[in-house]
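Colleague: The following block contains the structure, expressed as structure tokens.
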Amino acid sequence: MKAVICGANGAMGKLICGILGEEVVGKVSIDGENGVAKTFSELGNVEADVVIDFSHHTAAADVLAYAKQIGAAAVIGTTGHTAEEKALISDAAREIPVFFSGNMSLGIAVLCRLAKEAARYFPDADIEIVEVHHNRKVDAPSGTALMLFNAIREVRPEAAAHCGRAGEGKRKKSEIGISSLRMGSVVGVHEVHIHTGTQCLTLKHEAVTRAMLADGAVDAARFMEGKGPGMYNMENLLG
């Protein structure tokens, strides 16, 4: 596999480059340090199978345009995309294979599957999602929390997300609460609480290091080899 890494000088980019080694045929980073290209134009066309993006959600248009230009798949590992950026990703998937996930962890993919199954068994239970991240994270709720909400909504189509609680008003039966905490250097903790009134089931995933995301991104990139145009995610990777 031949890969281009966008955000190559970032923490995640460095981890991915370390895993892939000589399979990395191009690097882009906005700071342009360490001899890395600042833009895709500066990098120029290279022969690659996949473009892996761990830069910033605002780079989505450039990443997708470059992937289409060189005929490569795209693995989008950033979060916090706007509705317009998500539309760009969906449009690109009509032309090239696109792997898009709010979290690249295999463990989170399993958690989503378990949460959906548990919600199926307890259709009347109150469900709350709690996510904790370091104090430098800029988007809330996390992309992973939204992944969990969307997984549960597959068996609760009437569910509505309620992000944060303030003021007066009783909890609505149809809502799924999402609470975000930002503190210290927490890599990432996600919990799903399913409360029936007589018992509570709690599903939890804790990220120990960000290396799990790099491993997942590489797994996703290898999974995309030989795939046709379309949208792919961790559920597809799980099989």
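Colleague: Just checking: which of the helices (runs of 4 or more DSSP H) contained wholly in region 33-126 hold 3 or more residues that are over 23 Å from residue 176 (Cα atoms)?
Modeller: Those helices (runs of 4 or more DSSP H) span 40-43, 60-70, 83-92.
Colleague: Of all residues in region 15-45, how many are among the basic types (Lys, Arg) and surrounded by fewer than 16 Cβ atoms within 10 Å (Cβ to Cβ)?
Modeller: 1
Colleague: I'd like the residue in region 1-14 that is modelled with pLDDT of 95 or more, surrounded by fewer than 24 Cβ atoms within 10 Å (Cβ to Cβ) and in contact with a Lys or Arg (Cβ under 9 Å, 6 or more places away or on another chain) and, out of all such residues, is farthest from residue 67 (Cα to Cα).
Modeller: 9
Colleague: With the checklist (1) over 20 Å from the mean Cα position of the chain (by Cα); (2) in the same structural domain as residue 96 (by TED's automatic domain parsing) in hand, flag the one item residue 223 doesn't pass.
Modeller: (1)
Colleague: Has region 72-81 got any residue that is surrounded by fewer than 14 Cβ atoms within 10 Å (Cβ to Cβ) and outside the structural domain of residue 193 (by TED's automatic domain parsing)?
Modeller: Taking every residue of region 72-81 in turn, none turns out to be surrounded by fewer than 14 Cβ atoms within 10 Å (Cβ to Cβ) and outside the structural domain of residue 193 (by TED's automatic domain parsing).
Colleague: Within region 84-104, is even one residue crowded, with 22+ Cβ neighbours inside 10 Å, touching a Leu at 6+ places or on another chain (Cβ under 7 Å) and within 30 Å of residue 191 (Cα to Cα)?
Modeller: yes
The values are calculated or read from the model by the stated rules, or taken from the named source; none is laboratory data. Values in this document were obtained by computation on a predicted structure and should not be read as measured data. For neighbour counting, all protein chains shown are included, and Cβ atoms are generated from backbone atoms with ideal geometry for every residue, glycine included.
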